[in-house]
1. Going residue by residue through the stretch 87-104, is there one that turns out to be modelled with pLDDT under 95 and not in a strand (DSSP E or B)?
2. Residue under question is Lys119, and the condition is that it be part of a strand (DSSP E or B), more than 19 Å from His35 (Cβ to Cβ) and not hydrophobic (A, V, I, L, M, F, W, C); does it hold?
3. Identify, by number, the condition in (1) in contact with an Asp or Glu (Cβ under 7 Å, 6 or more places away or on another chain); (2) assigned to a loop (DSSP other than H, G, I, E, B) that His78 doesn't meet.
4. Tell me yes or no: at least one residue of the stretch 21-37 is touching a Phe, Trp or Tyr at 6+ places or on another chain (Cβ under 9 Å) and at pLDDT below 85.
Amino acid sequence: MKKSTFITLLFSSALFLSSFANAHDYKAGDLQIDHPWSKAVPPNSSVAAAFFNVTNHGSENDVLISAKSPIAGKVELHAHIHEDGMMKMREVKNIEIPANDGTALKPGANHIMLFNLTKVPKLGERFPLTLHFKNAGEITIEVAVEKATYQMEMKPEKTKEQHH
């Protein structure tokens, strides 16, 4: 075999295998969980959030009931709701995963909050998060800590001068 062919094959194999190493998608029953991630937080932070997409390939709705992680004293399911003209974050009892559809847990919408962090995850690290679904049961996923690529729109408060 020519040296150039061997190097090409070696490089192609490395690329192919590295795509699996970087993938972090999971299956639990009829559910597929894609790209779990968390925004990197300051080293003294006591809270973090986790986000991912859940696709339900089944014919029955499923429900995310709870979550837990060894890096947090408390884990809650949250949603942003529009109340009194403002978006507010609230704990919810569960998150619906419709049949033959999916749900995105993302910033500014449904997501998972981790409180009382016992270890603050750093950029590039991963941490375990166990999800409990009504039908699919329990699955532990690895959440990748990434640099935030989103920015929530914040409206500035009016100053006294703007009230005239």
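The values are calculated or read from the model by the stated rules, or taken from the named source; none is laboratory data. Just so it is clear, the model here is predicted, and its values are computed rather than measured. Glycine gets a Cβ as well: all are built from the backbone with ideal geometry, and neighbour counts include every protein chain shown.
1. No, the conditions are met nowhere in the stretch 87-104.
2. Details: part of a strand (DSSP E or B): no; more than 19 Å from His35 (Cβ to Cβ): yes; not hydrophobic (A, V, I, L, M, F, W, C): yes.
The answer is no for Lys119.
3. All conditions are met except number (2).
4. yes
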